[in-house]
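The values are calculated or read from the model by the stated rules, or taken from the named source; none is laboratory data. This is a predicted model, so every value here is computed, not measured. Because the Cβ atoms are built from the backbone with ideal geometry, glycine has one as well, and the counts that use them run over all protein chains shown. Remember, those area values only see protein heavy atoms, side chains included, never the ligands or the DNA or RNA. Shrake-Rupley method; radii C 1.70, N 1.55, O 1.52, S 1.80 Å.
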Amino acid sequence: MEPVEPQSLKKLSFKSLKRALDLFSPLHAHFPLRDPDSKKIRMSHKFNDENGGIKSTSSQPLTHAKSGSQDQAREGSGPSNALALPGPENSKDPQNGGALIDLIVGTTVKTKGLDGGLSEKSIAIVSASSSSERNFSTSAIMERIPSRWPRPVWHAPWKNYRVISGHLGWVRSIAFDPSNTWFCTGSADRTIKVPSLLNFLSAGTGRLKLTLTGHVEQVRGLAVSNKHTYMFSAGDDKQVKCWDLEQNKVIRSYHGHLSGVYCLALHPTIDVLLTGGRDSVCRLWDIRSKVQIDALSGHENTVCSVFTRPTDPQVITGSHDTTIRLWDLRYVKRTATLTHHKKSVRAMALHPTNSLCLNSYISHIGGVRSCSSQQKTIINAMAVNEDGVMVTGVIDSFFLFSAFFFSFFFSEGDNGSLWFWDWQSGHNFQQSQTIVQPGSLDSEAGIYACSYDVTGTRLVTCEADKTIKMWKEDGKATPETHPLHFRPPKDIRRF
């Protein structure tokens, strides 16, 4: 057997490749011509499938189409908006003597929307032809529906009905008991106070249940467990503490943060605590064993807000690096990053019923709709209730505050004001001013934190004048005494 030359394999490969090209592509670098009959059948089926419900019109010359539309307008009972447009230059029907194939745009009809309003829809109609030379269009004929800004729901104005004093420093954090019988507040005076909510809601004077001491710096975050008699606190002293409310003392401390801890949250279904701070890391802790399960790293600046959900994404963090990150706890990895914010994301809140995340940053609140673009101030906290009301607030030049509620939200900025918004439409229906208590500076007219109670009917704000203020809706207000003044925004921005 003769030996095979090394170059013969290369020659055989090129010969096989040439035969394949000759067989499957007669013209090199060009696709073979398509079968015109199969193309006509395919395009005709696609055209009929997309536009089968649209009435076809008989093809007539352009001049006849114009005169016909004028005659219809004269004979009809109402005006007609029909418009006849000529087809392409080569779109002549040979069976009708070269008549042009026209595009007819139908009249504008009025339909009734879900909210009772009338909206106009313009329906386009394309004439169909049985000619074999017709080049069928594949573009979908769509109804042009004008965008409608949602109309806000009327909400009663909110008013301040009680002021609670007792802290000796700025009140920085708040958390409610799941039974709605008490709440706790953390302050810059390094203490945690637990007032009785039932006394403050009634006509009584109120009662302070207890004061907890143990932190050596201001308390920045609080959380109350709904399954255990535990309360968790975090502060600038890099400490995270677990308090047993039956013994009123610290039973566990979680060590691991390299700097101040700004926020914390409890997982709703499992015994996991999440904390975030100035070391740019969100840490996961086993509540009982004090073991750090893992660290969610990736932020480039302070993690100042965190909350958890029972479903994916189970952890959402906001940071001063202007991003919001979504995390999957099963694989302890980041699933998405939201980068729309221009400044620090200082607070977030979860909508009680919808799977929506509401977040605030320095220039305005962001979320489903940018509501507070009028409020050019720093927003530092959020809360939301089930009635569609959102509230944001403003603090003096050195303070931050904002809050967001279920279906309504409010915001605070750097002048101590409270802005109440309708969550669905972004309409600002109330602006209130925080009153500085006697003995405090005017610059301390700021709100650091806010939260609704479990029922969503009471709002509690933690302020820089060392007080806690409680708000509720005005029961005497009606749509007649406080009418709704709403104008849809002109410069609608779609993100």
Per-residue ³J(HN,Hα) for the stretch 326-338, Karplus 6.51 cos²θ - 1.76 cosθ + 1.60, θ = phi - 60°, Hz, x for Gly and Pro: 10, 10, 9, 6, 5, 10, 6, 8, 7, 9, 7, 9, 9
Sequence-distant residues sharing a close amide H with residue 427 (under 5 Å, placed H): 422
List 23, 274, ordered by accessible area with a 1.4 Å probe, largest first: 23, 274
Flagged links, alpha-carbon separation over 23 Å, of 241/472; 209/241; 209/469; 193/476: 241/472; 193/476
Cβ-Cβ FRET estimate between residue 148 and residue 294, R0 fixed at 56 Å, reported to 0.05: 0.75
Long-range HN-HN contacts of residue 173 with modeled amide H, under 5 Å: 186
Förster radius 45 Å - calculated FRET efficiency between residue 490 and residue 228, Cβ distance, rounded to 0.05: 0.30
Contour minus Cα-Cα distance for residue 160 and residue 442 (0.36 nm per residue): 99.6 nm
Estimated FRET transfer efficiency (residue 39, residue 198; beta-carbon r; R0 56 Å; 0.05): 0.10
